[in-house]
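**Q** Just dropping this structure here.
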Amino acid sequence: MAEIMPTLIRIERRQSDFHLTYDNQQEYTITYHDLRHACPCANCAPLRNEDETSLTLRSQVESYKEHKPSVNPVGNYALNFIWQNGCSNGIFRFERIWDLANRRDPDNGKQYVHGAW
Amino acid sequence: MAESPISTHDPKNDSQGPVQPSPQQQKQMEQNYAQMKRKMAMQEIGRKIKHKIMVLSGKGGVGKSTVSTGLALSLAQQGHKVGILDIDITGPNIPKMMGLDNHRLHVEEGRIHPAKGHLGVKVISMAFLLDDADTPVVWRGPIKLGAIQQFIGDVEWGDLDYLIIDFPPGTSDEPLTVSQSLPNIDGMVIVTTPQAVALLDSRKSITFAESLKVPVIGVIENMSGYTLNGVTTANSPVEIAGPGGKTVKSTSDENGNFSVVLDIFKQGGGKSTAEDFGVPFLGALPFDPGFVRGGDDGVHKIVSDPEGASSIAFTKIVEAVQEQISDKAPSTLEII
């Protein structure tokens, strides 16, 4: 049976992570590093296709000084995070955030294929 | 002491007066000034138009321009002030669909005034600038870019509630230029048909939208099913041999009328694509030959048959679009 995703009702930006509250009153955390490593934009996503480039991306995001990002709603289905440095392009659907909150691979093991360029 | 690499200008020693720019520099300055003015105009236009919606499809021939005109007319029917910007420079056909064939644009004090089509919808299209409808526009990227910026910055749209921007198929220069030139775009509507090839390309469009940082408002499935109406004996079963060897069954009513929906392509592909990508599904539009006739005659089905099934389908889609771009939508989320 397909999982029913609860609605995200609150995001608290802390020193190094997000504290998320869903409408079923469950609470989760996502570190800024984990979120930035999972950026779905067309620049970052292909880097996760290979272990080596994925590790490079990981060390890159870990090298950035941690700070609270700006959070902008995108339509009513996603969020965009604006960082002081590095990539701020990714549009994170709520499903993706839910996967990250549950420590699941948001790409579900799928390789990213450049469809757009 | 080494000579400084920086030259200084001392007006006291200047016997020849201020240096006059060369004609080339003068031209460059004029171009820069015009570009700056256009950029400011684009910012101003961005403020004066409340909602800007891009309509794209990965594949050609899925009915994108029909959907664009349908959305515009449906919004205009609700009483909104609406414009359509036909960015399909090499194949512009919105004017024909809006009954504006052979219309010429009015230019006043360097500003282009859009043509007005059915229900007062304002239209700008490359078609208005072509001497002959059979003349192809063969332009490379940079020239297209200039034309698009001109279409945005030099047009006197006035105050609009909605601007619908119709693009050529695919993921090329045009949406990129528009998304970088026009501020505060609400998002993209992606049009598809249920066939696998169109769905594959729609997936590219969704990825493309994310690359451009433009939200996907949702996916519309066009040519979703053909409604066949008929009359037979009252209260009797009806069987129609549908596409792909599928038999479609129905029962006639007490007057003998029956109606079945034939899936000319497939069914539900647009919805499943939207679900796969986690973007909203805005609705399905029926396969309606009236759209083709209406497009050719310059009278859209929404204008000629405002109570018809296709008009109702458009109204539902417009409601779904409005729900997505509503300012109220994200307010349930608290960000601290």
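**Q** Could you tell me whether any residue of the range A:11-29 is closer than 19 Å to A:Asp105 by Cα, of a type in the set (Ser, Thr, Tyr) and not in a strand (DSSP E or B)?
**A** So far as the range A:11-29 goes, no, none of its residues is closer than 19 Å to A:Asp105 by Cα, of a type in the set (Ser, Thr, Tyr) and not in a strand (DSSP E or B).
**Q** Can you tell me which residues in the range B:28-60 are free of Cβ contacts under 8 Å to residues at least 24 places away in the same chain and either over 23 Å from B:Pro183 (Cα atoms) or touching a Lys or Arg at 6+ places or on another chain (Cβ under 7 Å) (or both)?
**A** Result: B:Gln28, B:Met29, B:Glu30.
**Q** Now for a separate question. For the range A:21-48, give me each residue that is of a type in the set (A, V, I, L, M, F, W, C) and at the interface with chain B (Cβ under 10 Å from one of its Cβ atoms).
**A** Answer for the range A:21-48, where residues must be of a type in the set (A, V, I, L, M, F, W, C) and at the interface with chain B (Cβ under 10 Å from one of its Cβ atoms): A:Cys41, A:Ala42, A:Ala45.
**Q** Filtering the range A:54-112 down to residues that are within 22 Å of A:Ile4 (Cα to Cα), more than 10 Å from chain B (Cβ to nearest Cβ) and more than 14 Å from the chain's Cα centre (by Cα), which residue is surrounded by the fewest Cβ atoms within 10 Å (Cβ to Cβ)?
**A** A:Gly109
Residues checked against (1) in contact with a helix residue (DSSP H, G or I) (Cβ under 6 Å, 6 or more places away or on another chain); (2) at pLDDT below 80; (3) under 15 Å from B:Gly218 (Cβ atoms):
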site	(1), (2), (3)
B:Ala41	yes, yes, no
B:Gly46	no, yes, no
B:Ile49	no, no, no
B:Lys52	no, no, no
B:Leu56	yes, no, yes
B:Ser65	yes, no, no
B:Ala72	no, no, no
B:Val82	yes, no, no
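**Q** Another one. When you look at A:Arg13, is it among the basic types (Lys, Arg), touching a Pro at 6+ places or on another chain (Cβ under 8 Å) and either more than 11 Å from chain B (Cβ to nearest Cβ) or surrounded by 14 or more Cβ atoms within 10 Å (Cβ to Cβ) (or both), yes or no?
**A** Here the answer is yes, as A:Arg13 does meet what is asked.
**Q** A follow-up question, please. Can you name the condition, by its number, that A:Thr7 falls short on among (1) surrounded by 18 or more Cβ atoms within 10 Å (Cβ to Cβ); (2) more than 13 Å from the chain's Cα centre (by Cα); (3) within 14 Å of chain B (Cβ to nearest Cβ)?
**A** Tallying (1) surrounded by 18 or more Cβ atoms within 10 Å (Cβ to Cβ); (2) more than 13 Å from the chain's Cα centre (by Cα); (3) within 14 Å of chain B (Cβ to nearest Cβ), A:Thr7 fails exactly one: (1).
**Q** Please verify whether B:Ile53 is in the same structural domain as B:Leu145 (by TED's automatic domain parsing), aliphatic (A, V, I, L, M), assigned to a loop (DSSP other than H, G, I, E, B) and within 20 Å of B:Leu176 (Cβ to Cβ), treating the condition exactly as stated.
**A** no
**Q** From (1) in contact (Cβ under 8 Å) with a residue 12 or more places away in the chain; (2) in contact with a Ser or Thr (Cβ under 6 Å, 6 or more places away or on another chain); (3) closer than 22 Å to A:Lys110 by Cα, pick out the condition that doesn't hold for A:Leu47.
**A** (1)
**Q** Might you check whether a residue that is at pLDDT below 70, crowded, with 17+ Cβ neighbours inside 10 Å, more than 22 Å from the chain's Cα centre (by Cα) and closer than 27 Å to B:Leu73 by Cβ occurs anywhere in the range B:265-288?
**A** yes
**Q** If you don't mind, another one. Give all pairs with beta carbons closer than 7 Å in which a residue from the range B:118-147 that is within 19 Å of B:Ser65 (Cβ to Cβ) and at pLDDT 65 or above meets a residue that is of a type in the set (S, T, N, Q) and in a helix (DSSP H, G or I); count only pairs at least 6 apart in sequence or on separate chains.
**A** Hits for this filter: B:Leu119/B:Gln77.
**Q** Output the number of the condition that A:His33 fails; it satisfies all remaining conditions of (1) surrounded by 12 or more Cβ atoms within 10 Å (Cβ to Cβ); (2) closer than 26 Å to B:Gly187 by Cα; (3) not hydroxyl-bearing (Ser, Thr, Tyr).
**A** So the condition that A:His33 fails would be (2).
The values are calculated or read from the model by the stated rules, or taken from the named source; none is laboratory data. These numbers were taken from a predicted model, which means no experiment stands behind them. Here Cβ is always computed from backbone atoms with ideal geometry, including for glycine, and neighbour counts include all displayed protein chains.
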